[in-house]
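To start, the structure under review is shown below, and the notes come after it.
The values are calculated or read from the model by the stated rules, or taken from the named source; none is laboratory data. What you see is a predicted model, and the numbers here were worked out from it, not measured in a lab. Backbone-built Cβ (ideal geometry, glycine too); neighbour counts: all protein chains shown.
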């Protein structure tokens, strides 16, 4: 395997603490803080090496990723676009990783392996789970790339998500770890949260999966800033969750707090509530999390703070991508990830809407003052 070729003369890294523990979070934060220009085995810095392809990284095992990245950027992401395949690849990282439940394992049943590639390896089973509706398409698109590159399926899914996000202006430079073991059995059903779940159920699911805090759950939902729905209302596939689906910006956190006035398609569907703009779909779960007192202030804190959004999503994403894995076996290859372009836009109300349209939920802090875009009322185009 790709990660088996390691420098045997290096000092062995310390045995890592369990995922979700305070020690693990500190170690993961340290990895994130030092990834600019560094790639290493967990917790151990190494010297930089020049790969046969000419790129420079800090672990020879990471050299094999550069041809993979070139391939997926050219042939999966249409030359480096922040398009539908990026949105779906990012979705797949979550739907694979969240398939783990220590609570189920305590009952004597298999609780899932987390970020182990099971969603693709056992696609005939897991794509039939209701929450995974539609992921079969991106699994099918990624399959030829997995077949022709020497990566585990688990590693490829997380790599593709991180590389894809790097194409989106405003995104953080995400972490990439390799060395995951592939699944030997499918994840159990009902481990992926549904858009019609209430906040208590969603927070409990994330807590069970990896001791995610409510703030980390909100941070992970930043993924919806470049997302769209195909199956919530099947009459309007490709309906975005905010007005700037091509940008990794804070508009999602603004627009989910605007008063809903319409349905973009054929009326209310399971997991859907009214949205503020034509062509924009609001998930019921997003609307609830934006207004629940356990999450509302964290939600609002991202409204005009792009830097916080980037750092919080990066940290939560890194934690998610190693769920169920032995971190001692992982190599940090984060320096292979391209630096995303900056987003030119600033936080704003869409044209036709103002502060008066906000449904204030955070009791501790007033909603930030934002400008309104000029022009006619905003209508969002499908992606």
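Quick notes on this one:
- Listed by first and then second residue, the pairs with beta-carbon distance under 6 Å, at least 6 apart or on different chains, first residue in segment 141-152 and in the same structural domain as residue 87 (by TED's automatic domain parsing), second surrounded by fewer than 18 Cβ atoms within 10 Å (Cβ to Cβ), are 152/182.
- Only listed residue being within 30 Å of residue 105 (Cβ to Cβ) and buried (at least 20 other Cβ atoms within 10 Å of the Cβ), chosen from 281, 277, 203, 247: 203
- In segment 355-366, the residues that are closer than 14 Å to residue 261 by Cα and in a loop (DSSP other than H, G, I, E, B): 359
- Condition broken by residue 293, with the remaining ones in (1) within 25 Å of residue 82 (Cα to Cα); (2) assigned to a loop (DSSP other than H, G, I, E, B) satisfied: (1)
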